[in-house]
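Since the structure comes first, as structure tokens, the remarks are kept for the end.
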Amino acid sequence: MQKHYHHVPLILLNIQLPMRITPDNKLKKLIVIGDRVLIRPTKPNERTDSGLYLPPGVQEKEKVQQGYIIKIGPGYVIPMPPEEETWKASEEQVKYIPLQAREGDLAIFLVSGATEIMYAGDKYFIVPQGAILLLEREEDL
């Protein structure tokens, strides 16, 4: 007599395997909130292809810093108008005004408005869009 084994996908069993942090997925668990962006700072004297960089004197004073935007929040929340027809089903769909910053942009930002964090051994800054002074985008405008 032959035994038949049924293969059930893991999704149907609702088994969650622990997520291991790898270079490819280490930032996937992070969710940036509101008008903030996550920035990986550049190394001192690191120049972009167009030649943009912060001189050492400016970086030493730590008033401004530069780095690449890794993740962005959804933007500014648009307040919902009060519902006049209370009998209607409420849609709790939040709407946002998107940020001007995009993932991959080089940002020059005020350190005073930023929060420095260490995650998985790397240094990052959480910066509100209002503290960003300048963006450099590699695409043609």
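Of PRO79, PRO74, which residue is at pLDDT 90 or above and of a type outside the set (A, V, I, L, M)?
Values: PRO79 fails: at pLDDT 90 or above.
Sole residue among the options that is at pLDDT 90 or above and of a type outside the set (A, V, I, L, M): PRO74.
Among (1) surrounded by 13 or more Cβ atoms within 10 Å (Cβ to Cβ); (2) hydroxyl-bearing (Ser, Thr, Tyr); (3) modelled with pLDDT of 90 or more, where does THR115 come up short?
(1)
Check off (1) modelled with pLDDT under 65; (2) assigned to a strand (DSSP E or B) for PRO23 and give me the number that stays unchecked.
Condition not satisfied by PRO23: (2).
Taking ILE126, is it out of contact with any Phe, Trp or Tyr (no Cβ under 6 Å at 6 or more places or on another chain), part of a strand (DSSP E or B), modelled with pLDDT of 90 or more and closer than 17 Å to VAL32 by Cα? If you could, list the steps in order and put the result at the bottom.
Details: out of contact with any Phe, Trp or Tyr (no Cβ under 6 Å at 6 or more places or on another chain): yes; part of a strand (DSSP E or B): yes; modelled with pLDDT of 90 or more: yes; closer than 17 Å to VAL32 by Cα: yes.
So ILE126 passes the test.
What pairs come out if I take residues in the range 93-106 that are farther than 13 Å from VAL32 by Cβ and pair them with residues that are of a type in the set (A, V, I, L, M) and surrounded by 20 or more Cβ atoms within 10 Å (Cβ to Cβ) whose C-beta lies under 7 Å away, six or more apart or interchain?
Close Cβ pairs satisfying both conditions: GLY104/ILE69; ASP105/ILE69.
Which one is nearest to ILE70 (Cα to Cα), of the residues in the range 110-120 that are touching a Lys or Arg at 6+ places or on another chain (Cβ under 9 Å) and outside any strand (DSSP E or B)?
ALA120
The values are calculated or read from the model by the stated rules, or taken from the named source; none is laboratory data. Given the structure is predicted, the values throughout are model-derived calculations rather than measurements. Don't worry about glycine lacking a Cβ; one is built from the backbone with ideal geometry, like all the others, and counts go over all protein chains shown.
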